[in-house]
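Working notes for the structure below.
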Amino acid sequence: MRPLRTQLDIFEHDPARLAKANRVAAETALRDVQFSATERQERHDYYLGEALRLEALARQCKPAPARRRRTTRQTGATPR
């Protein structure tokens, strides 16, 4: 089965890490001399908007609760 090209890797495409990268790109966009002042501001606004969107997505993500492992000696139901 072929993987979908739109499916992202959960480890390399962490929303919090991508938001941090977009914040760095927003700061860099303000200093890029090859663009005019209006283009620099537009690029900054775009990267900042993406960072805010990804930070909101990262806040929604919660780590899975840790599961207790049963030892080989335990039988039956585990106490709560």
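Derivation of every value follows stated rules applied to the coordinates shown; laboratory data play no part. Computed from a prediction, not measured in an experiment: that's the story for all the values here. Glycine gets a Cβ as well: all are built from the backbone with ideal geometry, and neighbour counts include every protein chain shown.
A few notes on this one:
- Taking the average, over residues, of other Cβ atoms within 10 Å as the packing measure, peptides 44-52, 26-34 rank 44-52, 26-34 from highest down.
- Segment residue 21..residue 34, full-extension length gain: 2.6 nm, with 0.36 nm per residue of separation and the alpha-carbon distance subtracted.
- 12 Å beta-carbon shell around residue 43, net charge (K/R +1, D/E -1): -4
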